[in-house]
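See structure below.
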Amino acid sequence: MLNIGILGALGYTGCEIISYLTKHPKVKIVKLWDKEMINKKISSIFPEFKNILDIKIQEFNIKDLKNIDVVFLSLPHTVSLKLAPEIVGKVKLVIDLSADYRFQDAGIYEKWYGIKHEDKKNLKGAVYGLPEIMRDKIKGAQFIANPGCYPTSMILGLYPLAKEGLLKNANVIVDAKTGASGAGRKKSNDLLAKDINENIKPYKVNKHQHMPEVVHFLQNEFNVKFNLNFIPQLISLKRGIMSMIYVIFKNKPAKNLYPIYKKYYGKEQFVRLYNKGFYPELKGILNSNFCDLGYLDFLDTNTFLIISCIDNLGKGAASQAVQNMNVALGLKESMSLL
Ligand SMILES: NC(=O)c1ccc[n+]([C@@H]2O[C@H](COP(=O)([O-])OP(=O)(O)OC[C@H]3O[C@@H](n4cnc5c(N)ncnc54)[C@H](OP(=O)(O)O)[C@@H]3O)[C@@H](O)[C@H]2O)c1
């Protein structure tokens, strides 16, 4: 059995990781750390864990790492940056769900997240945890930067085009809708029920911090330059992301592109392709590790549409973190995820 500790256990993604790992046959959750509710049993805070996990919330102490194999950092960005240097190297595997180690170029992180990156050593060793693309590097990794939720939906949609060199010089427009859980459980005046219910609210248009993550990753991995416009919208939902990805090619590729998606995802269990005439929808992926991709066809001469659906707390965060753990430690990749 692998012993697991979760930092930020009371947050949205922390709780999701607990849900997945309590069903995992090869692990045991032994420590839950957070800032509040110290000494309270997790099952007394969240009744869904009653008789399933009854351990207490504790304040993080470096001595706790002694018997731990894997630590999940379900922490706000900048908090992981402070704590990861104390933990990486002391356990078999650390998986950080924040953005703090997602950019190999620290300058981009510093520009978009507004603080200096003080842990270049671990940044260099961090592997971007998108298993369908980075599986070989994730195997045996000791530190994984779990991707952001919107970036997971966008990158999985664009990857086959990037890999085939077709994205070069394209103009990509992403119109994406998400639910309120994407912002975490903290109180915020932007997330009042009266403003979210029965509403669609665009925010951070072309200013969202997930834009540079998509561009940086695809440029770094596939040496491809393209233009990205991103229009995120908050809608009246708890969870889920639907990204409409429009790729406007300078010159229409001569070939039908659906077979390219088949080539890269045909054997992937967590990326499901929809055939012509059927559209992915949120209901198909909620509470799961699936990314459903559909349409995958031209709307007009030069505009190709990809519809990409994920659960922001699942494939966009917690279940992807568990998938990464399984791959990194040589366990069956789908363990506790199907
Ligand atoms: N929500 C999503 O859909 C999603 C998707 C992908 C990635 N992520 C990323 O995953 C990370 C966690 O997100 P989340 O949605 O789970 O956030 P969250 O709901 O706000 O949870 C974060 C938890 O960490 C706790 N925490 C903060 N500082 C701490 C410290 N020093 N020691 C111990 N615990 C501490 C928080 O406590 P307090 O509330 O008391 O501060 C809170 O319980 C973030 O970096 C986020 O960007 C989130």
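Points to keep in mind about this one:
- Proportion of all alpha-carbon pairs of region 150-310 beyond 28 Å (%): 21
- Solvent-accessible area of the chain (1.4 angstrom probe, protein heavy atoms only): carbon and sulfur portion equals 51 percent.
- Annotation: extensible slack from residue 338 through residue 59 equals 97.2 nm (criterion: 0.36 nm per residue apart, minus Cα-Cα distance).
- Dipole magnitude for the chain: computed about the Cα centre from +1 point charges on Lys and Arg Cβ and -1 point charges on Asp and Glu Cβ, it is near 380 debye.
- The chain: antiparallel DSSP beta bridges as a percent of all, rounded to 5: 45
- Only Lys, Arg (+1) and Asp, Glu (-1) charged, at Cβ; region 68-117 dipole about Cα centre in debye: 40
- Gyration tensor (alpha-carbon) shape descriptor, region 119-233, a/c threshold 1.5: oblate
- Cross-linked pairs 120/252; 111/276; 41/63; 82/194; 124/252: Cα-Cα separations exceed 32 Å for 120/252; 111/276; 82/194; 124/252.
- Shape metrics for the chain, restricted to C-alpha atoms - Rg then Dmax, Å: 19.6, 63
- The spacing between region 108-184 and region 234-271, judged by their C-alpha centroids, is 16 Å.
- Applying the criteria of a DSSP loop state and at most 11 other Cβ atoms within 10 Å to the chymotrypsin sites (Phe, Trp or Tyr not before Pro) of region 226-282 yields 278.
- Couplings for region 272-277, taken from phi via the Karplus curve 6.51 cos²θ - 1.76 cosθ + 1.60 with θ = phi - 60°, read 10, 9, 9, 6, 3, x Hz in order; Gly and Pro are left as x.
- Full-extension gain in nm, residue 205 to residue 262, via 0.36 nm per residue minus C-alpha separation: 17.3 nm
- Rounded to the nearest Hz, the phi-derived 3J(HN,Hα) couplings of region 209-216 under the Karplus curve 6.51 cos²θ - 1.76 cosθ + 1.60 (θ = phi - 60°) are 5, 7, 4, x, 5, 5, 5, 4, where x marks glycine and proline.
- Within the chain, helix-based [θ] at 222 nm, where runs of 4 or more DSSP H residues each add -39,500 (n - 2.57), nearest 500: -8000 deg cm²/dmol
- Rolling a 1.4 angstrom probe over the protein heavy atoms with all chains in place gives region 150-310 an accessible area of 49 Å² per residue.
- Sparsely packed GluC sites (Glu not before Pro) within region 91-200, loop by DSSP, other Cβ within 10 Å at most 14: 118, 198
- Neighbour cut-off at most 15 other Cβ (10 Å), DSSP loop, GluC sites (Glu not before Pro), region 26-61: 36, 59
- Assuming charge only on the beta carbon of Lys and Arg (+1) and of Asp and Glu (-1), the dipole of region 118-251 about its Cα centre is about 240 debye to the nearest 20.
The values are calculated or read from the model by the stated rules, or taken from the named source; none is laboratory data. None of these values were measured; they are calculated from a predicted model. We place every Cβ from the backbone using ideal geometry, glycine too, and count neighbours over all the protein chains shown. Please note that ligands, DNA and RNA were not included when accessible areas were found on the heavy atoms of the full protein model with its side chains. Shrake-Rupley method; radii C 1.70, N 1.55, O 1.52, S 1.80 Å.
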